[in-house]
Amino acid sequence: MIYFLTVNYYSTNLILKLINSIHKTSDVGYKVIIINNSPDDRSIDNLKTDSVLIFNAGANLGFGCACNLGLKWIYIQDPQAYVWIINPDAYLTENTLDKVQPFFELHPEISILGTFICTPKGEVWFAGGRFIPKTGAIITEKKVTNIDAEYVNCDWISGCSLILNFKNFTDCPYFDSDYFLYYEDVDFCLRYANQGHIIAINNNFLVMHEGSSITNRNIFKKFRNGTYGYLLTMDKHTNKFIFKIKLIFQIFKSILVILLKPQAGLGKFYGIWDYVIKKQNK
């Protein structure tokens, strides 16, 4: 069984497109698990079927915490499952489900597998992620490298589309609940890589993504959550010197941005403040 796990935040039409793309391309048994982060959005209930289950979060928990609800439920049902975490604004264009189990049978060492992610125009949006602790650089690859390889090792995989091989986890994997949105996928992969798990990407798995179609609805929140998540990641995965440099840079950047794009700049200020307050309360 393959479980798709996605998070709804007023995205019923997008999730319907995702479900239809799975149904059209699949001859493999699957279930779609929807965590509803917008409990007053009752239109999502129209998507319920035998293969589509909906769980209400009760509030907007953010991406990682909502995924944790789904991961925990799936792990209890089937600790040997393959779990495909996918954004509600993403969808499949070809039959890839029949490739999942054979791939992991050939490469059982992989715990977290990323997929290529393209825009509807065919441009590569994500082809693997690298992280350099000495500089704090979080790099998104957009070019195909070593195309003939069965897979390419990565430091991190985009939460827009990643497949978990539950067989390699002695306990249910989870996202850090300190994150709300943005960079929780980087932290997730770095944490499990430090435990010895292999993270990789395969170019035979392709997902289309209508980038930022949800988060661009509110620019202030986008930059607030992004700045907070970025600083939290720098704090957790770099040294104190690099973190201080990154913090200072974010402060100066927010001042500059607020002059050009007030909502974005104000969001960055609030993101910095959120991090400072949360750090003081720990």
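Read-outs throughout are calculated quantities, based only on the coordinates presented, and are distinct from any laboratory measurement. Keep in mind that what you see is a predicted model, and the values were worked out from it rather than measured. For neighbour counting, all protein chains shown are included, and Cβ atoms are generated from backbone atoms with ideal geometry for every residue, glycine included.
Please work out how much length the chain gains when fully extended from N194 to N153, using 0.36 nm per residue of separation minus the C-alpha to C-alpha distance, in nm with one decimal.
13.4 nm
Rounded to a whole number of µm²/s, how large is the Stokes-Einstein D of the range 218-280 at 4 °C and 1.567 mPa s, given Rh as the Kirkwood radius over C-alpha pairs?
113
On alpha carbon coordinates alone, what is the Rg over Rh value for the range 2-209, Rh being the Kirkwood radius?
With Rh from the inverse mean 1/r over Cα pairs, Rg/Rh is 0.94.
I want to check the label-to-label distance for L259 and S51. Put each point 7 Å from Cα in the C-beta direction and report it in nm to one decimal.
Here the answer is 5.5 nm between the modelled labels.
Restricting the count to DSSP beta bridges whose residues both fall in the range 86-244, what percent are antiparallel, rounded to a multiple of 5?
Bridges in the range 86-244 are about 65 percent antiparallel.
With θ set to phi - 60° and the Karplus curve 6.51 cos²θ - 1.76 cosθ + 1.60, what are the ³J(HN,Hα) couplings of the range 114-125 in order, to the nearest whole Hz, using x for Gly and Pro?
Once rounded to whole Hz, the list reads x, 10, 5, 10, 10, 7, x, 7, x, 7, 6, 9.
Could you calculate the contour length gain from V144 to A59, that is, 0.36 nm times the residue separation minus the distance between their Cα atoms, to one decimal place in nm?
26.7 nm
Over the chain, calculate the relative contact order: mean separation of alpha carbon pairs under 8 Å at least 6 apart, over the residue count, as a percent.
Answer for the chain is 19 percent.
Any idea how far apart W273 and K240 come out in nm if each label point goes 7 Å out from Cα toward Cβ?
2.7
Treating cross-link reach as a plain straight distance, find the lysines whose alpha-carbon is under 16 Å from the alpha-carbon of K253, omitting any fewer than eight places away in the same chain.
K222, K244, K261, K268
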